[in-house]
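**Q** Have a look at this one before I ask anything.
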């Protein structure tokens with residue numbers, strides 16, 4: 001909505017009823033923003049694409065405490081959507097999810113694109129981390145970004161035909177011709193994978209430079225998965241690098257378009273495959289927000305307790321492998337014993353270990369077993385003593401300190417510029433934890449501290465995670481001592497699966513149970529974005545419902561995707577051995593990156 005005159009905001013006080021649109025109009029009245037109401041209460045505005053760069057520069061640089069983080073950037077193919085909910089929708093929608101850390105506020109900017117003109121200006125010059133997000137949108141949807149420094153595929157092979165997240169692209173292998181690979185095609189594929197430095201703007205650093213390249217990965221234990229880094233070396237010093245991802249891409253977002261709301265839950269477990277139920281958390285909360293489901297108090301506390309257990313499980317694996325990366329072999333064996341003890345508790349609760357798919361729409365899959373409190377109390381008394389031993393074994397080890405202190409450091413400003421969240425951001429001394437800043441799922445009822453570092457180096461990133469384990473124990477102990485009575489799942493018609501206690505007694509209960517389990521619930525049309533403070537940073541699910549039994553668009557914002565984009569910045573000037581320590585301290589898994 002255009003405003004003829006700028007709004008006077010000089011007399012506004014905190015708590016006054018005004019919106020970001022008013023604030024933007026005070027600076028520039030001619031941007032023509034049109035508001036859309038959405039269920040997640042994030043201010044959402046539509047914008048003409050010709051005004052994009054003007055608005056983005058204003059949001060980041062001109063308003064007080066501007067939107068310094070490009071939290072996410074993705075697209076939606078709207079061509080077959082029946083319930084578009086707003087007249088601004090075109091053939092495609094580009095969604096920019098921005099965050100102001102100082103304001104603790106988000107804004108969502110949408111731009112409609114038509115199929116004949118799928119192009120828009122790049123915002124890489126405003127937010128550095130928009131680079132990979134724009135490449136992903138090009139790869140998945142074929143939308144071009146003018147003036148992008150290297151608009152190439154990022155998740156799919158360079159020879160892939162088509163753009164997978166278009167609605168007319170096949171979702172199943174059975175919809176394609178059987179796969180074949182002739183000798184000729186294999187040669188073409190191999191040639192396409194050849195690394196060409198000049199394509200990335202690389203050049204000889206000096207007249208007498210060696211200009212040599214080193215391939216690290218994609219099959220190498222120190223890259224923690226199928227991940228390739230091409231290093232440009234001058235002697236033994238790294239002068240530039242190109243992270244090459246996509247080797248682990250499984251089409252998790254595409255799968256969301258063909259699985260029912262309920263049957264998609266096990267797929268979420270495999271995103272950060274070390275995070276377990278932490279992956280279920282934002283997804284089920286997003287569906288619950290769309291459906292208007294209120295989760296019972298007991299289910300909330302069970303969710304928080306098991307989520308914090310998986311935070312410990314993930315951090316213990318990080319702790320051991322990080323020490324191993326820099327040469328300390330023994331700690332990981334001790335820490336795996338601690339993980340096995342905790343996995344035994346998870347198995348007692350859920351019947352599974354790493355991927356329990358325990359959360360459900362409206363609550364959890366089953367109530368806690370008899371004797372659960374004894375198991376948990378034994379563990380919360382056991383682990384702190386073990387962490388004290390690891391403090392001497394790992395954190396006070398002078399060789400580990402020599403390898404990690406002042407290595408791979410970055411500032412708070414650099415972290416925010418690249419979308420770094422979680423322990424990686426807090427290690428710079430910036431205390432921003434979603435559980436404190438925006439409590440969700442009942443976290444506002446718990447007391448815990450937010451550990452921070454000071455230098456933002458590899459050592460501090462490890463230190464923050466170690467202290468987070470102690471805080472997780474503190475949260476779990478509060479769950480143990482204050483577990484509410486009551487149901488473990490909401491009594492709501494769209495809770496899935498519904499209560500089975502009466503299904504064998506009357507047909508009126510059996511039929512809805514059968515339909516909800518086999519087809520899944522029908523979720524009202526709408527869209528929401530829900531975030532959680534996951535093990536590696538902030539994970540978010542943006543769900544678009546078309547009023548069907550499946551999601552129209554499932555967008556997964558993962559922390560590791562943003563974190564790896566920083567490597568060219570923080571690796572310059574390092575030795576290869578320093579890079580190994582830096583990679584270990586980032587704590588990523590490639591399924592979280594590639595999805």
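**Q** Before anything else, pin down the relative contact order of the chain: Cα pairs under 8 Å, at least 6 apart, normalised by residue count, whole percent. Don't skip to the answer; put the middle values down first.
**A** Details: 1112 pairs, mean separation 96.9, N = 595.
Worked out over the chain, it gives 16 percent.
**Q** Something else now. At a 10 Å Cβ-Cβ cut-off, how would you order 188, 416, fewest neighbours first?
**A** Working: 188 12, 416 23.
Ranked by crowding around the Cβ, least crowded first: 188, 416.
**Q** Further question: For the stretch 20-123, give me the percentage of DSSP beta bridges that are antiparallel, rounded to the nearest 5 percent.
**A** Values: 21 of 26 bridges.
Around 80 percent antiparallel, to the nearest 5.
**Q** For the residues 181, 368, 425, 290, what sequence is obtained by ranking on other C-beta atoms within 10 Å, fewest first?
**A** Listed from fewest to most nearby Cβ atoms, that is 181, 368, 290, 425.
**Q** Just rank 124, 462, 54, 89, fewest to most, by other beta-carbon atoms within 10 angstrom. Spell out each step's value before the answer.
**A** On the way: 124 21, 462 27, 54 15, 89 18.
Fewest-to-most Cβ neighbours within 10 Å comes out as 54, 89, 124, 462.
**Q** Okay, next question. Considering only DSSP beta bridges with both partners in the chain, what is the antiparallel share in %, to the nearest 5?
**A** Rounded to the nearest five, the antiparallel share is 85 percent.
A short reminder: the numbers here are calculations on the coordinates, not readings from a lab. Note that this is a predicted model, so its numbers are computed, not measured. Methodologically, a virtual Cβ is constructed for each residue, glycine included, from the backbone with ideal geometry; neighbour enumeration extends over all protein chains shown.
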